[in-house]
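Throughout, read-outs are computed from the coordinates displayed, never taken from laboratory work. Nothing here was measured: the structure is a model prediction, and the numbers come from that model. Don't worry about glycine lacking a Cβ; one is built from the backbone with ideal geometry, like all the others, and counts go over all protein chains shown.
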Amino acid sequence: MNNIDNPSVFHRNDYVAPNFAIDQVYLDFSLNPNKTIVKSTLQMRRLSPGSLVLKGEDLELISISVNNEDYRQFELNSKELILHHLPEAFELEITSSNQPNINTSLMGLYVSNDNFFTQCEAEGFRKITYFLDQPDVLSKYTVKLSGSKVDYPVLLSNGNLIEEGELNNGWHFAVWEDPFLKPSYLFALVAGKLEALERHYVTNSGEKKLLQIWVEKKDLSRTAHAMESLVHSIEWDEKRFGLELDLERFMIVAVGDFNMGAMENKGLNIFNTKYVLADQNTATDTDFANIESVVGHEYFHNWTGNRVTCRDWFQLSLKEGLTVFRDQEFSADLMGSASGRAVKRIEDVRLLRQVQFPEDAGPMAHPIRPDSYQEINNFYTVTVYEKGAEVVRMLHTLLGEEGFMKGMKLYFQRHDGQAVTCDDFLACMANANNFNAKQFKHWYSQAGTPRVKVKEHFDEINKTYTIQLSQYCPPSPNQLVKEAFHIPLKTKLLFPSQPTEEFLIELQQTEQEIVLKDILQKPILSINRDFSAPIILEFDQNENELLTLISHDDNAFNRWEAIQKIASQNILNNLTPSQPLIEAYRNLILDPDLDPAFKELCFTLPAETYLHEQLVTVDPQLVHQAKAKYQNELALALKNEWLTLYQQNRSTGEYSPNPIDAGKRALKNFALKMLLEANLSVHEQRAFEQLNTCDNMTDFLAALTLLVHFESTYSAQALELYYRRHQENDLALDKWFAIQATKAPLNQRSMLEEIRQLKQHPDFKIRNPNRVRSVIHTFCMNNPAGFHDISGQGYEFWYDNVLELDGINPQVAARLARGLDRWKKFKIPYQTMMHAQLEKLLTNPLSNDVKEVIQKALS
Ligand code: B3K
Ligand code: ZN
């Protein structure tokens with residue numbers, strides 16, 4: 001497709017620099033939910049010939065003046081305001097209005113629970129005022145906010161507060177000035193009834209900073225963990241990257257209606273409440289960990305994203321891949337131990353394989369730096385984020401910590417205050433280290449997960465051990481043939497009684513052979529340790545070798561990998577665990593040296609979406625049953641051990657979400673699951689008792705989930721108890737909905753009636769993304785057995801909801817639309833029924849967001 005055939009496709013290679021600079025921006029807001037008036041005064045400078053094309057959507061134009069004179073030489077359509085015959089340098093003043101209270105897209109300026117919020121990334125600023133709304137236009141912003149003092153006592157924007165005061169008619173105002181250059185996507189304002197938790201922080205260089213977390217008054221008691229996470233983030237970035245907080249104050253604001261997790265607006269981060277609010281009664285250990293990670297992520301963007309930003313949206317991974325890598329390292333460092341690091345690594349890899357690998361093999365596959373898009377919002381993907389982070393991690397592996405940091409230093413020296421490309425980043429890494437990045441660049445331009453085949457040969461006579469490697473990457477949309485990747489593989493040879501060193505293989509050829517000399521006996525190969533490259537490894541290790549890795553590999557990640565591999569193979573072959581495997585599980589259970597968190601990860605079986613990817617064609621019900629059978633066998637074979645684990649890992653003392661205690665709870669609750677699996681009527685009482693006696697949400701929710709999913713006799717009672725306790729708490733109620741939406745059908749009955757009823761519940765709110773995700777997305781994307789109902793009703797439910805949501809919030813709809821991406825992989829009749837719903841959807845008028853997803857799914 002090219003621009004002429006389809007004008008709505010944007011191509012990376014079509015980049016042109018803006019023809020005007022906007023040196024200063026002065027924005028004056030009169031805040032009113034029905035009609036907010038924005039006067040924008042821009043100091044403009046011509047850079048090259050041509051008219052000025054400003055973006056603007058859902059705005060009403062009130063007036064335009066150039067150098068204080070009314071200006072008439074313009075054209076206006078529903079997306080652009082084009083000004084002709086402009087001078088070299090001038091002041092442009094545009095007044096326009098918008099309607100925040102009917103803005104259900106949650107992009108631009110909108111109202112949530114009677115307060116004002118903004119979301120501008122990627123292209124939301126154009127819903128606030130006419131502007132050069134692209135990331136390579138960097139300007140200094142001053143913002144004046146005026147509004148009713150009773151309704152909006154707090155008025156916030158980026159940077160520093162320089163003035164505030166009273167106005168007529170009960171209004172007041174505040175003026176904020178951001179000393180740093182920024183693109184429009186980092187602009188933010190917040191106005192409303194909010195209160196802040198405050199703290200001061202003294203930076204390494206001795207400057208005192210103000211930290212604030214703004215929430216609704218009722219939520220103030222649940223902000224301590226977010227504040228602590230923010231302080232940890234600031235300390236960590238100083239220590240590990242030598243980067244300091246550059247503003248006098250740093251604010252986080254929580255909002256209940258938000259399209260994603262959080263947003264890194266300069267000095268004024270806006271967060272989904274889900275990633276701010278926590279206390280032991282309403283948030284789980286996972287919530288606590290996620291808050292720490294997201295607070296870190298947004299804070300780290302202050303340097304990787306804000307100080308150095310993206311030239312255009314094709315470069316999104318420049319800031320996202322790098323910042324995810326940084327937040328992953330932050331969380332890993334905070335785990336405080338080597339085994340804690342491994343736990344974090346396993347969790348990250350699990351997400352990558354469950355979600356990114358399917359994306360990379362499906363119709364939406366794209367390189368971490370895409371070549372084209374129809375709607376940029378569709379490219380905030382696990383590929384750009386998580387695979388992007390893996391690519392940065394591979395650079396770190398190839399260059400080492402010191403080399404990587406030299407590259408980072410050069411990156412800030414060269415590009416602070418600029419909007420740059422992925423190539424610029426790679427050039428810094430290469431130049432600082434004399435590293436030839438020519439081949440490594442393919443990771444930025446080629447989609448798909450490479451497959452690396454491993455063959456080994458031990459020559460007893462010549463005492464050599466040969467590792468034969470070959471790589472292949474299947475075709476992706478618009479990329480049939482791929483160049484060989486530069487793949488770093490951390491490797492070690494394991495011998496029964498002789499310690500050896502880990503070494504790095506750099507696989508660069510399509511086929512490559514490594515011959516190791518003086519090898520006296522056949523080793524067991526431990527390769528791609530720590531998942532040093534995001535690849536699929538094709539290596540036929542037999543069960544004995546895998547069992548040795550499970551018990552003896554000193555790389556915790558690869559121990560986990562070996563047990564997951566055996567479990568996957570068994571489930572996919574519809575087998576139950578062999579006796580030696582049961583013994584291996586027993587040894588893991590009994591090993592006193594292993595972290596509880598690590599054990600829990602070992603026992604947790606591979607996700608169904610991950611198992612699907614390993615099959616040529618998928619019968620989702622068969623996969624589900626095979627997994628259930630395997631789990632049941634494991635539960636029965638080790639039922640005494642599960643009971644011991646359950647009892648040994650009960651918490652004593654005060655609740656804390658620290659990794660050790662959280663790991664114990666995770667393991668205990670896994671053991672409880674196995675007990676219910678082994679014998680529901682004997683153990684359901686135990687779960688109900690846990691629910692009634694525990695002092696924290698993690699244990700409560702775990703018990704409730706089990707009672708509901710196993711359809712215990714206590715199920716209804718437990719749900720009712722939870723509902724009564726948390727009725728007023730939106731985030732807790734989201735969990736209540738999600739538990740019910742993830743219930744897999746027992747005895748193959750249809751779940752559709754139940755899911756439709758959940759949507760009819762008085763607390764279901766179609767305009768609130770968190771609630772919608774907890775019911776609809778959860779069912780369609782996180783409950784494979786329920787969704788892939790043989791009647792096809794799951795797909796009809798999907799169709800109805802994509803269509804309904806598209807009229808309200810295209811981004812939320814487009815995310816759900818991705819739910820049928822892998823339709824071609826499924827067996828008939830599933831495939832046929834999914835195809836029919838996709839075709840049917842396309843007969844409706846759709847947003848660009850959903851249209852792109854559906855068109856690609858059908859291509
Ligand atoms: N940069 C934002 C994501 C914006 C998504 C726009 N559709 C959050 C983040 O990655 O930190
Ligand atoms: Zn980010």
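Some observations on this one:
- In the chain, Cα pairs under 8 Å separated by at least six residues give a relative contact order of 8 percent.
- Residue among VAL853, LEU643, ASN433 farthest towards the positive dipole end of the chain, charges placed on Cβ: LEU643
- Distances between every pair of Cα atoms in the chain, grouped in 20 Å steps from 0 to the bin holding the largest one, split as 14, 47, 33, 6, 0 percent.
- Tensor-based shape of the range 309-445 (alpha-carbon gyration tensor, a/c under 1.5 rounded, otherwise prolate or oblate): oblate
- Full extension of the segment from SER8 to ILE102, taken as 0.36 nm per residue of separation minus the current Cα-Cα distance, would add 31.2 nm.
- Residues of type aspartates and glutamates that LYS639 reaches as a straight line, Cα spacing below 12 Å, ignoring anything fewer than 8 places off in the same chain: GLU677
- Straight-distance crosslink candidates among aspartates and glutamates, where the alpha carbon sits under 14 Å from LYS463 and sequence neighbours closer than 8 are dropped: ASP518
- Rounded to 10°, Cα long-axis angle of helix 388-415 versus longest principal axis of the chain: 30 degrees
- Pairs beyond 22 Å (Cα-Cα), from LYS35/LYS55; LYS127/LYS319; LYS668/LYS735: LYS127/LYS319
- In degrees, nearest ten, helix 680-693 long axis to first principal axis of the chain (Cα): 40 degrees
- Take the Kirkwood radius over Cα pairs of the range 396-448, plug it into Stokes-Einstein at 37 °C and 0.692 mPa s, and you get 285 µm²/s for translational diffusion.
- Hypothetical label at ARG199: residues of the range 217-231 whose amide nitrogen lies under 16 Å (7 Å Cα-Cβ projection): 220-231
- Its Cα gyration tensor gives the range 518-563 an equivalent ellipsoid, and the semi-axes of that ellipsoid, as √(5λ) in whole Å with the largest first, are 17, 13, 11.
- Where chymotrypsin sites (Phe, Trp or Tyr not before Pro) fall in DSSP loop in the range 385-434, at most 12 other Cβ within 10 Å: none
- The mean of 1/r over all distinct Cα pairs in the range 153-265, once inverted, gives the Kirkwood hydrodynamic radius of 15.6 Å.
- Relative exposure of ILE739, ILE487, ILE660, judged by other C-beta atoms within 10 Å (fewest first): ILE660, ILE739, ILE487
- Kirkwood-type radius of the range 508-632, with distances r between different C-alpha atoms, in Å: 16.1 Å
- Taking amide H as placed 1.01 Å from N in the peptide plane, ASN528 has its amide H under 5 Å from the amide H of LYS490, each at least 5 places away in sequence or on another chain.
- Neighbour cut-off at most 13 other Cβ (10 Å), DSSP loop, GluC sites (Glu not before Pro), the range 430-494: GLU460, GLU483
- Considering only beta bridges that DSSP places wholly inside the chain, some 80 percent are antiparallel.
- The chain: angle of helix 579-590 to the longest principal axis, Cα-based, in degrees nearest 10: 60 degrees
- Built amide H within the under 5 Å cut-off of LEU189, gap 5+: THR118
- Structural descriptor for the range 309-445: relative contact order 35 percent, calculated from alpha carbon pairs under 8 angstrom and at least 6 residues apart.
- Sites GLU80 and ASN160 - FRET efficiency at Förster radius 41 Å, r taken between beta-carbons, to 0.05: 0.75
- Here the dipole of the chain is about 920 debye; that uses its Cα centre as origin and unit charges on the Cβ of Lys and Arg (positive) and Asp and Glu (negative).
- Mean Cα-pair separation over length for the range 647-721, i.e. relative contact order, pairs under 8 Å, 6 or more apart, %: 24 percent
- Charge dipole magnitude, Cβ of K and R +1, D and E -1 - the range 309-445, Cα centre, debye nearest 20: 320 debye
- Cα gyration tensor shape for the range 655-777, rounded if a/c is under 1.5, else prolate or oblate: oblate
- Ranked list, fewest to most other Cβ atoms within 10 Å of each Cβ, for CYS694, CYS473: CYS694, CYS473
- Counting charges near ASN658 (Lys, Arg +1; Asp, Glu -1) among other residues having Cβ under 12 Å from its Cβ returns a value of -3.
- Among VAL481, THR464, PHE495 the positive-end extreme of the charge dipole of the range 451-533 (Cβ point charges): VAL481
- Ordering THR309, THR203, THR304 from the fewest to the most neighbouring beta carbons within 10 Å gives THR203, THR309, THR304.
- The range 525-596-the range 144-215 distance, computed between alpha-carbon centres (Å): 52 Å
- About its Cα centre, the dipole of the range 118-178 is roughly 160 debye, where the only charges are +1 on Lys and Arg Cβ and -1 on Asp and Glu Cβ.
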